[in-house]
Amino acid sequence: MKKIKIANSNKEFTVGKIVCVGRNYEAHAKELGNEIPTKPVVFIKPASSIIYSGEQIIYPEYSSEMHHEVELVLLIGKKIKNADEVQAEKAIIGYGVGLDMTLRDIQNKLKEKSHPWTIAKCFDTSAPLSGFISKKNYKLTLNEEISLSVNDIVKQKEHLNLMLFSPLQLVQYISSLMTLEEGDLIFTGTPSGVGKVKKGDKLYAKITGIAELSCTVI
């Protein structure tokens, strides 16, 4: 079982499901040739895909094109269904930064056949996570900068306020589709600049004021 701890707290959460949002930044949707969505694009990763900062991302042998995608991650602290804006706000208990590692060659082949993206997104070590900060100790403004560097070269850099759907909108929408429970995580989408990584690459992700994350690809 994968656990999440919040900084300066004894509270520990067992991760349930990881709900991911695709195409939540217009520039990223366009860079991959996708239409701008009118509703959040939602998919799932298993908790078994989680690793933590300082651990290693294992490059699957069946892919030759793994991409980095840096994202704001929300930690859900209470069970909700069909949440309104107030309930959605209360349900978010913490924030972190994560990587949605994606096998782009596999994903493209699956999309061509109108098949689910599952095996391109759910492999072991595909969800590196930082530590989390409590919402009580940090007020999210969406003016924060999110960034990712590969071998000290900045590849992704944007402000959270360019998300098409805000964290509250995402929690509301996802809770209309499925029950969200304590310990669930929501990956809120990645900005433009995604690209290939190779074995030996060192990845460093950061959201200003919230969290930092570093991993090496092997």
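The values are calculated or read from the model by the stated rules, or taken from the named source; none is laboratory data. Quick caveat: nothing in here was measured; it's all calculated off a predicted structure. Cβ coordinates were reconstructed from backbone atoms using ideal geometry, including for glycine residues, and neighbour counts include every protein chain displayed. Surface areas here come from the heavy atoms of the whole protein model, side chains and all, with no ligands, DNA or RNA. Shrake-Rupley method; radii C 1.70, N 1.55, O 1.52, S 1.80 Å.
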### Query
How much accessible surface does residue 178 have with a 1.4 Å probe, in Å² rounded to 10?
50 Å²
### Cα-based convex hull, the chain, per residue volume (Å³, whole number)
112 Å³
### Query
Quick one: accessible area per residue over the chain, 1.4 Å probe, rounded to a whole number of Å²?
47 Å²
### Task
Report the calculated FRET efficiency for residue 182 and residue 85 (r = Cβ-Cβ distance, R0 = 25 Å), to the nearest 0.05.
0.80
### Query
How do 118, 190 rank by accessible surface area computed with a 1.4 Å probe, from largest to smallest?
118, 190
### Message
What translational diffusion coefficient, to the nearest whole µm²/s, does region 102-218 have by Stokes-Einstein, given a Kirkwood radius computed over alpha-carbon pairs, a temperature of 4 °C and 1.567 mPa s viscosity?
### Response
79 µm²/s
### Query
Of 39/202; 30/199; 2/155; 79/198, which sit over 32 Å apart, Cα to Cα?
39/202; 79/198
### Query
Over region 20-67, what relative contact order in percent results from Cα pairs under 8 Å that are six or more residues apart?
32 percent
### Task
Using the charge dipole of region 1-78 (Lys, Arg: +1 at Cβ; Asp, Glu: -1 at Cβ; taken about the Cα centre), state which of 13, 48, 72 has its Cα farthest towards the positive end.
13
